[in-house]
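**Student:** There's a structure below that I have some questions on.
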Amino acid sequence: MIAGGGFGGFYAARALERTLPNQSARVTLVNDANFMLYTPLLPGAAGATLDPRHVVVPLRAELKRTELVIGRVSGHDPAGRTLAVERVDSSPLELAYDQLLIALGSVSRTLPIPGLAEHGIGLKSLADATAVRNQVLQCMDIAESIDDPARRREYLGFVFVGAGYAGVEGLGELQDFAAHAIELYPRCRADGMRWVLVEARERIMQEVPESLSRFAQRELLARGIEVRTRTELLALSQSAATLSGGETIPTRTLVWTAGVKPSPAIAKLGLTRDSSGRLPVDRTLRVAELPGVWAIGDCAAVPDSSRPGSLCPPTAQHAIRQGRLVARNIAATLQGREARPFTYRTKGVVAELGRNKAVAITFGVRWQGFPAWLIARTYHLLLMPGIGRRLRLLVDWNVALVFGRDTSAPGRLGTPTPLEAEQEQG
Ligand SMILES: Cc1cc2nc3c(=O)[nH]c(=O)nc-3n(C[C@H](O)[C@H](O)[C@H](O)COP(=O)(O)OP(=O)(O)OC[C@H]3O[C@@H](n4cnc5c(N)ncnc54)[C@H](O)[C@@H]3O)c2cc1C
């Protein structure tokens, strides 16, 4: 039984399909959506170089031997070895298991900052990416119709808080998108936009060495993006963000990308959690307190073999490797063989900055600018499962390169227009 069909759960299911002899075991995967979201491409969907449908992997199409249950994991009975699921039609379901893999991922970690929950937007799901893109376009539409320049400013101010790769990539792509879109708004173009990146630590992109972080910062500054390091968000209202230096930025759009915490479902499993809410596992990815239970990815506290005493960072590349290893270990357990420890050293990092530029490290070699961008796109192209989906990415990217980004804002997408009842005549 696999709970969660993101990077960890999907790659574990795929590896189990390949490792387990036919008909030797039944593999069930429970996920709250029928697709795996390829999150590293989410900024591309937000920035309109990619169609949102092209950054997901349909689970049924890729996992032919896995039974798929679409629903939310809502509880767990460790003694009875059953998982409680609420299906999409809200009906409850109890699933018994012999071996349970928990790969429920993470959600945005917010802080108790006044106004953040009410007015901030995350960048963690497909809905978030579409919402952020629509918000940017809607703000420009509104600003274009306002006569008072002071009021226009709040609609043309955009703030990102958190300068990890999600924040920097998200801001880079969206600012690039908005810089193209603003050409269609004469009033907004005359006023110009304001983009601000806020980071509490001393430098942006802690995931990459300082030289690449400096390159990324120079690149953002050259585009007129303001970078505030050692700065925190203190409060957010509908029309302004207040920062720790006392500065107030007029804005209607604040995107919060300052870290993640385990999925809230982890707290409902009746298992011991560490101080950050993750499930502690041993080096073989086993949850020590309950035989036959395993955990991987962002929701698990996995010892990092390359940095003794530390835990693996919450990245897709770790979740994928853990997924493959845990599948091997589960198969080994079923076949009476030894489980292997998780040993993985980060092979590299890629982060796109928009405007055909990126920073990357591959096997210790540092890249920046256009060569890094080519590496980043090639890497994602190779990693995306399925030749059809790779081709879709290629087509989207090339169409955007030649014809620019799509500037429509399909705000009500997914919400059908209610039919109006016809009044009876006479
Ligand atoms: C914008 C962005 C960009 C990123 N870029 C990179 C990058 O370039 N490189 C990199 O290595 N990492 C990147 N990451 C991090 C990466 O996405 C995560 O580390 C990775 O997805 C973790 O995999 P996972 O399987 O643990 O969780 P996930 O991939 O999040 O999968 C968890 C799954 O469980 C499902 N789920 C959650 N709760 C329930 C429930 N109660 N019931 C049923 N299903 C549930 C979720 O819907 C999801 O499908 C990025 C993240 C973001 C947000």
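**Student:** Test Val69 against the stated conditions and say whether it is at pLDDT below 95 and not assigned by TED's automatic domain parsing to the domain that holds Ala163.
**Tutor:** When the stated conditions are applied, Val69 does not pass them.
**Student:** Moving on to the next point. Residue check: is Ser276 more than 15 Å from Gln99 (Cβ to Cβ), of a type in the set (S, T, N, Q) and over 20 Å from the mean Cα position of the chain (by Cα)?
**Tutor:** Judged against the criteria, Ser276 is not a match.
**Student:** Test Arg345 against the criterion of being more than 10 Å from the ligand (Cβ to nearest atom) and crowded, with 17+ Cβ neighbours inside 10 Å, and give yes or no.
**Tutor:** No; evaluated as a whole, the condition is false for this residue.
**Student:** Scan the range 314-334 and tell me whether some residue there is away from the ligand (no atom under 15 Å from the Cβ), out of contact with any His (no Cβ under 8 Å at 6 or more places or on another chain), under 26 Å from Met205 (Cα atoms) and at pLDDT 95 or above.
**Tutor:** So far as the range 314-334 goes, no, none of its residues is away from the ligand (no atom under 15 Å from the Cβ), out of contact with any His (no Cβ under 8 Å at 6 or more places or on another chain), under 26 Å from Met205 (Cα atoms) and at pLDDT 95 or above.
**Student:** Sticking with this structure for a sec: Counting only residues that are in contact with a helix residue (DSSP H, G or I) (Cβ under 9 Å, 6 or more places away or on another chain) and open to solvent by less than 60 Å² (accessible area, probe 1.4 Å), how many does the range 218-240 have?
**Tutor:** Matching residues across the range 218-240 total 14.
**Student:** Going residue by residue through the range 53-63, is there one that turns out to be in contact (Cβ under 8 Å) with a residue 40 or more places away in the chain, open to solvent by 50 Å² or more (accessible area, probe 1.4 Å) and part of a loop (DSSP other than H, G, I, E, B)?
**Tutor:** no
**Student:** Across the range 194-248, what is the number of residues that are out of contact with any His (no Cβ under 8 Å at 6 or more places or on another chain) and over 16 Å from Gly162 (Cβ atoms)?
**Tutor:** Total satisfying the criteria: 21.
**Student:** How many residues does the range 99-119 contain that are modelled with pLDDT under 95 and small (Gly, Ala, Ser)?
**Tutor:** Adding up the residues that qualify gives 2.
**Student:** Does Gly47 satisfy the condition of being out of contact with any strand residue (DSSP E or B) (no Cβ under 6 Å at 6 or more places or on another chain), open to solvent by less than 40 Å² (accessible area, probe 1.4 Å) and either of a type in the set (D, E, K, R) or within 30 Å of Leu137 (Cβ to Cβ) (or both)?
**Tutor:** Against the criterion (out of contact with any strand residue (DSSP E or B) (no Cβ under 6 Å at 6 or more places or on another chain), open to solvent by less than 40 Å² (accessible area, probe 1.4 Å) and either of a type in the set (D, E, K, R) or within 30 Å of Leu137 (Cβ to Cβ) (or both)), Gly47 qualifies.
**Student:** Pairs only if they're at least six apart or on different chains, beta carbon under 7 angstrom, first in the range 97-116 and in contact (Cβ under 8 Å) with a residue 24 or more places away in the chain, second among the hydroxyl-bearing types (Ser, Thr, Tyr) and open to solvent by less than 30 Å² (accessible area, probe 1.4 Å); list them, first residue then second.
**Tutor:** These pairs meet every condition: Leu104/Ser263; Gly105/Ser263; Ser106/Ser263; Val107/Ser263.
**Student:** When the range 127-148 is examined, which residues are found to be of a type in the set (A, V, I, L, M) and open to solvent by 40 Å² or more (accessible area, probe 1.4 Å)?
**Tutor:** Result: Ala127, Ala131, Ile142.
**Student:** Evaluate the following for Ala163: is it touching a Cys at 6+ places or on another chain (Cβ under 9 Å), open to solvent by less than 70 Å² (accessible area, probe 1.4 Å) and in contact (Cβ under 8 Å) with a residue 24 or more places away in the chain?
**Tutor:** Spelling it out, it is not the case that Ala163 is touching a Cys at 6+ places or on another chain (Cβ under 9 Å), open to solvent by less than 70 Å² (accessible area, probe 1.4 Å) and in contact (Cβ under 8 Å) with a residue 24 or more places away in the chain.
**Student:** Output the residue which, of all residues in the range 248-296 that are free of Cβ contacts under 8 Å to residues at least 12 places away in the same chain and either under 30 Å from Gln135 (Cβ atoms) or not in a loop (DSSP other than H, G, I, E, B) (or both), is most open to solvent (accessible area, probe 1.4 Å).
**Tutor:** By that ranking, first place goes to Thr248.
**Student:** Do we find that Glu202 is part of a helix (DSSP H, G or I), more than 16 Å from the ligand (Cβ to nearest atom) and surrounded by fewer than 22 Cβ atoms within 10 Å (Cβ to Cβ) in this structure?
**Tutor:** In short, no.
**Student:** Another question about this same structure. From the set of residues in the range 69-127 that are more than 9 Å from the ligand (Cβ to nearest atom), in a loop (DSSP other than H, G, I, E, B) and among the charged types (D, E, K, R), which is nearest to the chain's Cα centre (by Cα)?
**Tutor:** Arg109
**Student:** When you scan the range 363-383, do you find a residue that is touching a strand residue (DSSP E or B) at 6+ places or on another chain (Cβ under 7 Å), crowded, with 17+ Cβ neighbours inside 10 Å and of a type in the set (Val, Ile, Thr), even just one?
**Tutor:** yes
**Student:** Please go through (1) out of contact with any strand residue (DSSP E or B) (no Cβ under 6 Å at 6 or more places or on another chain); (2) open to solvent by less than 10 Å² (accessible area, probe 1.4 Å); (3) small (Gly, Ala, Ser) for Ala300 and return the number of the only condition it doesn't satisfy.
**Tutor:** Tallying (1) out of contact with any strand residue (DSSP E or B) (no Cβ under 6 Å at 6 or more places or on another chain); (2) open to solvent by less than 10 Å² (accessible area, probe 1.4 Å); (3) small (Gly, Ala, Ser), Ala300 fails exactly one: (1).
**Student:** Here's a follow-up. Restrict the check to the range 20-41 and report whether at least one residue is among the charged types (D, E, K, R), open to solvent by 10 Å² or more (accessible area, probe 1.4 Å) and more than 8 Å from the ligand (Cβ to nearest atom).
**Tutor:** Checked the range 20-41: at least one residue is among the charged types (D, E, K, R), open to solvent by 10 Å² or more (accessible area, probe 1.4 Å) and more than 8 Å from the ligand (Cβ to nearest atom).
The values are calculated or read from the model by the stated rules, or taken from the named source; none is laboratory data. What you are looking at is a predicted structure, and each value in this text was computed from that prediction instead of being measured. Methodologically, a virtual Cβ is constructed for each residue, glycine included, from the backbone with ideal geometry; neighbour enumeration extends over all protein chains shown. When the accessible area is computed, the model is the full protein with side chains, heavy atoms only, and any ligands, DNA or RNA have been set aside. Shrake-Rupley method; radii C 1.70, N 1.55, O 1.52, S 1.80 Å.
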